[in-house]
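**Student:** Once you've had a glance at the structure underneath, I'll fire off some questions.
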Amino acid sequence: MGAERAGTVPEAVRGLREVPNEPGAAKPDAILVGDHVVRQFGGLKAVDVDHIEVQRGVITALIGPNGAGKTTLFNCLTGFDQPSSGKWSFNGKSLKGMPPHRVARRGMVRTFQLTKVLAKLTVIENMRLGATGQRGEKFWSAPFAALWRGQEAEITERADVLLQRFKLDTKREDFAGSLSGGQRKLLEMARSLMVDPELIMLDEPMAGVNPALKQSLLEHVVGLRDEGRTVLFVEHDMDMVRDIADWVVVMAQGRIVAEGTPDAVMADEAVIDAYLGAHHDTDLSDLDEDELEEEAREEIEEEERK
């Protein structure tokens with residue numbers, strides 16, 4: 001697992017050692033649980049998850065081919081979309097029908113594959129907006145600065161600490177729209193911490209990020225776990241999954257087809273089948289995209305010769 005390779009094994013990660021490598025496996029301390037979560041669009045079931053549990057205090061990767069339903073499941077669990085049926089809970093309390101802002105106040109936040117920064121506000125203004133319970137946003141207190149100025153100073157101080165942690169302090173007064181794709185990912189991750197969440201859900205945090213910032217993002221994801229938070233992330237980069245994930249959940253065609261440690265999952269035939277179809281005897285971790293492309297070209301040439 002990711003933590004074991006890093007040389008530290010948090011208690012939450014150790015608790016996964018007795019969990020069977022099978023879909024819907026029960027966890028010793030689940031923070032997020034979903035049952036019979038279905039999202040249907042007409043005749044298409046984009047999500048059809050019988051059971052899912054996310055272990056508290058670890059990094060869980062949600063992987064699968066394009067169109068597997070990963071982001072749709074994220075949307076359903078966080079209130080950005082409503083499932084057609086099913087139930088799901090966070091810390092034992094139902095989230096059914098709860099809008100995203102209330103889900104975030106409960107301590108479960110998410111980022112997006114396409115970042116949602118407010119481009120025409122500065123970086124520090126984006127950070128301030130991430131804080132909840134601001135008295136200056138209330139109609140009755142907004143005209144009276146004395147009621148909210150102290151709180152805003154505290155929020156700004158906390159935002160500055162996070163910007164320094166994510167190495168965005170030099171961009172403090174820049175418009176968020178001027179940041180690079182990787183810097184926007186960092187800003188979105190930093191802003192999500194303004195609510196001091198227990199669970200952070202990251203939707204493809206490495207998508208569109210240049211190599212120079214990838215390592216920084218990886219370190220921040222691990223850092224979230226090391227400070228006691230739970231991380232659930234969607235990712236296609238198998239090297240990243242192997243490096244930092246403690247547990248992996250695999251989706252295909254809306255369903256969970258496999259679960260387990262990174263090593264177990266990447267050698268699972270159901271996972272290989274989901275990604276590669278007929279390549280059943282290949283360990284997913286050993287795949288070489290160039291070799292696969294060459295095989296595909298050879299098959300096409302062979303068909304043309306016939």
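The values are calculated or read from the model by the stated rules, or taken from the named source; none is laboratory data. Fair warning: this is a prediction, and the values are worked out from it, not measured in the lab. Reconstructed Cβ throughout: ideal geometry from the backbone, glycine too, with neighbour counts over all protein chains shown.
**Student:** Confirm whether PRO28 is touching a residue at least 12 places away in the same chain (Cβ under 8 Å), touching a strand residue (DSSP E or B) at 6+ places or on another chain (Cβ under 8 Å), in a loop (DSSP other than H, G, I, E, B) and closer than 21 Å to LEU224 by Cβ.
**Tutor:** On the way: touching a residue at least 12 places away in the same chain (Cβ under 8 Å): yes; touching a strand residue (DSSP E or B) at 6+ places or on another chain (Cβ under 8 Å): yes; in a loop (DSSP other than H, G, I, E, B): yes; closer than 21 Å to LEU224 by Cβ: yes.
Judged against the criteria, PRO28 is a match.
**Student:** While we're here: Tell me, yes or no, whether region 214-221 has at least one residue that is within 22 Å of THR115 (Cα to Cα), aliphatic (A, V, I, L, M), under 14 Å from the mean Cα position of the chain (by Cα) and modelled with pLDDT of 90 or more.
**Tutor:** No, there is no match, as no residue in region 214-221 is within 22 Å of THR115 (Cα to Cα), aliphatic (A, V, I, L, M), under 14 Å from the mean Cα position of the chain (by Cα) and modelled with pLDDT of 90 or more.
**Student:** Could you please tell me which pairs satisfy a Cβ distance under 7 Å, a separation of 6+ or placement on different chains, a first residue in region 109-126 that is over 18 Å from MET206 (Cβ atoms), and a second residue that is surrounded by fewer than 19 Cβ atoms within 10 Å (Cβ to Cβ) and charged (D, E, K, R)?
**Tutor:** Once the first residue is over 18 Å from MET206 (Cβ atoms) and sits in region 109-126, its partners that are surrounded by fewer than 19 Cβ atoms within 10 Å (Cβ to Cβ) and charged (D, E, K, R) give THR122/GLU173; THR122/ASP174; VAL123/ARG172; VAL123/ASP174; ILE124/ARG172; ILE124/GLU173.
**Student:** Could I ask something else about it? Could you say which residue among GLU219, GLU173, GLU188, GLU154 is in the same structural domain as THR122 (by TED's automatic domain parsing) and either at positive phi or assigned to a helix (DSSP H, G or I) (or both)?
**Tutor:** Of GLU219, GLU173, GLU188, GLU154, the one residue that is in the same structural domain as THR122 (by TED's automatic domain parsing) and either at positive phi or assigned to a helix (DSSP H, G or I) (or both) is GLU154.
**Student:** For region 59-76, state whether one or more residues are out of contact with any Asp or Glu (no Cβ under 6 Å at 6 or more places or on another chain) and farther than 30 Å from GLN183 by Cβ.
**Tutor:** No, that holds for no residue.
**Student:** Scan region 185-193 and give yes if some residue there is among the small types (Gly, Ala, Ser) and buried (at least 19 other Cβ atoms within 10 Å of the Cβ), otherwise no.
**Tutor:** Here is the first cut: in region 185-193, the ones among the small types (Gly, Ala, Ser) are 190, 192.
Next cut, buried (at least 19 other Cβ atoms within 10 Å of the Cβ) only: 190, 192.
Looking for residues that are among the small types (Gly, Ala, Ser) and buried (at least 19 other Cβ atoms within 10 Å of the Cβ), one finds at least one in region 185-193, hence yes.
**Student:** Also, I was wondering about something else. Using the structure shown, decide if GLU204 is under 26 Å from PRO65 (Cα atoms), touching a His at 6+ places or on another chain (Cβ under 9 Å) and acidic (Asp, Glu). Working first, answer last.
**Tutor:** On the way: under 26 Å from PRO65 (Cα atoms): yes; touching a His at 6+ places or on another chain (Cβ under 9 Å): yes; acidic (Asp, Glu): yes.
Answer is yes for this residue.
**Student:** Regarding region 234-249, can at least one residue be identified that is in a helix (DSSP H, G or I) and buried (at least 22 other Cβ atoms within 10 Å of the Cβ)?
**Tutor:** yes
**Student:** Could you check VAL49 against (1) within 24 Å of GLU188 (Cβ to Cβ); (2) touching a residue at least 12 places away in the same chain (Cβ under 8 Å) and say which number it fails?
**Tutor:** Every listed condition holds for VAL49 apart from (1).
**Student:** Something else about it: Applying the selection to region 253-273, what residues are within 16 Å of ASP243 (Cα to Cα) and either assigned to a helix (DSSP H, G or I) or among the aromatic types (Phe, Trp, Tyr) (or both)?
**Tutor:** PRO262, ASP263, ALA264, VAL265, MET266
**Student:** For HIS280, all conditions in the list (1) of a type outside the set (Val, Ile, Thr); (2) closer than 21 Å to LYS116 by Cβ; (3) outside any helix (DSSP H, G or I); (4) modelled with pLDDT under 80 hold save one; what is the number of the exception?
**Tutor:** That leaves (2) as the condition not met.
**Student:** Here is a further query. Within region 44-151, considering only strands (runs of 3 or more DSSP E) that don't extend past its boundaries, which have at least 1 residues that are surrounded by 22 or more Cβ atoms within 10 Å (Cβ to Cβ), under 15 Å from the mean Cα position of the chain (by Cα) and modelled with pLDDT of 90 or more?
**Tutor:** 44-55, 59-63, 108-110
**Student:** Please work out which residue is nearest to PRO10 (Cα to Cα), limiting yourself to region 34-59 and to residues that are touching a helix residue (DSSP H, G or I) at 6+ places or on another chain (Cβ under 7 Å) and among the β-branched types (Val, Ile, Thr).
**Tutor:** Among residues in region 34-59 that are touching a helix residue (DSSP H, G or I) at 6+ places or on another chain (Cβ under 7 Å) and among the β-branched types (Val, Ile, Thr), the one nearest to PRO10 (Cα to Cα) is VAL58.
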